[in-house]
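Bear in mind these aren't lab numbers, they're just calculated from the coordinates by the rules spelled out. Just so you know, these numbers come straight off a predicted model, no measurement behind them.
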Amino acid sequence: MNNQEELRRLIARYNSNEATEEERLVLEHWYSTINMADTDGKQVDHIGDELRLRIEQRIPELSLAYKSKKNRFKNWMLYVAALLVMAITFTMWNSDFTNGRNSSPVEVSIHPGGYKATLEIEGGAMVDLKADQYGIQTRGGVSYFDGTPVEGLEIQLSDSRRAVPVFVLKTPKGGMYKVSLPDSSQVWLNAGSSLRYPAQFESDRRYVELEGEAYFEIKEVLNGAVKKPFVVKNKHQAIEVLGTKFNVQAYSEDLKATTTLLEGRVKVNSLADKQMASSSVFLQPGDQSTFDGRGFKLLKSVNVEEAIAWKNGLFVFKDASLRMVMKQIERWYDVEVEYKDCFSDELFNGKVYRDTKLTELLEILSFSNIDFKLEGRKIIIDQKGE
């Protein structure tokens, strides 16, 4: 596609919704295969800006781009190509086009995660929770949010001789679930996570244990005239709150814990060496703390929507490395990632819906300098050949 006027006409047809599927695929293919050395850079730059602005007006909230120190020209090329992919083929790919690409990862259809979890009474029964429900409530019994009882736990819960039961809610990779706690606080559990909590909280405090990632909306509860504290403990830290909204990411394999505060005020205490210089930190709304076992790093005025994007059905990347991106993909799609002598300095930016099929997401990411190959449930990543 070397004729500039023809390209302009095609852009105009796309913008007015008059382009055929074939024409749109041609435009996409041109952007994915164009070689800067064979093209007038100024003309392409002008046309690229024009197309980018027009597509942004149509779908401003859905994009993905990457930054590379090596080739700035490809930065906007990827951005526009990614927008085209999401706008044109969000639900279905043209097989002739994808089969023609050497690195096309369309061999296996892997769907995104969904509502999957188990609920266990510690030391007792464990049940698989329904996938057509999004959460449970555990106040005065255990039921789904539509009032349907969770079956399989009734006998143990009705045994008055037992101590207060302790629940363990677990989500596998590719799963998420919501729980309303005995005090009516709300917790959303991300993939590959677990939450341990009692069927009834103690009179002077509320205490839960988290492994993985969860978003909390804690209800303010009074114990007489005193506010009853709520404590979230994980491997690295204990978070003390009263009534607030916050996100905690504390996967054991990450060797760190990140707390992001949306509303209220929290105190984050280190569970490591009490002799360290900073064993605790107070957070105000918009603050984010990260504890790595040695101390706290505090960031002010962060984009809190980034931290809870997973809860709202999005992947949001802001200057995210390839490994950071793939870690989220690995957990949500329940896949294994293997790196083949791959070093990448690209930083990814953008938003993608979490209900996007894995093959579609990998197609978008493949507009970078990275090759993605899907074998079963394994993604093999390598640098693209020159």
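A few notes on this one:
- Annotation: amide H of Gly124 has no partner in the under-5 Å range at sequence separation 5 or more or interchain, hydrogens built in the peptide plane.
- Residue pairs, from the table Lys219/Lys311; Lys219/Lys327; Lys318/Lys340; Lys235/Lys297; Lys170/Lys256; Lys245/Lys318, whose Cα atoms sit over 28 Å apart: Lys219/Lys327
- Taking every DSSP bridge with both residues inside region 114-307, close to 85 percent are antiparallel.
- Cubic angstrom per residue, convex hull over Cα atoms of region 114-307: 133 Å³
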